[in-house]
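Every number here is computed from the coordinates shown, using simple stated rules; none is lab data. Quantities reported herein were computed from a predicted structural model and do not represent experimental measurements.
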Amino acid sequence: MTQLLEEAIKQIKQLPETEQDIIARFILKALETNLVEKNLSIIDEGDTWTEEDQLEITSFSLQYAASIFPESEFIPWISGYYKC
């Protein structure tokens with residue numbers, strides 16, 4: 001099954017982007033229909049944050065902050081020297 005899937009992906013990547021988009025939408029629609037029939041959902045619509053959610057958003061936030069602030073730049077609120 002994996003070889004078949006890999007070959008299909010290779011063939012699809014050779015198509016123009018518009019055709020790739022059509023195929024992608026078709027696959028997503030089929031998956032969505034299948035999930036609806038099984039009464040499943042891709043999206044967690046819960047309004048609570050799991051510990052994993054909190055760790056992911058913290059990690060993302062720290063990575064983003066590190067990307068926009070050079071290491072040499074002093075960031076007072078992170079270092080604990082910021083006083084209100």
Relative to the present Cα-Cα distance, how much length would full extension add between residue 33 and residue 50 at 0.36 nm per residue of separation? 3.4 nm
Once phi is turned into ³J(HN,Hα) by the Karplus curve 6.51 cos²θ - 1.76 cosθ + 1.60 with θ = phi - 60°, what whole-Hz value does each residue of segment 19-24 show in order, with x for glycine and proline? 6, 4, 4, 4, 5, 4
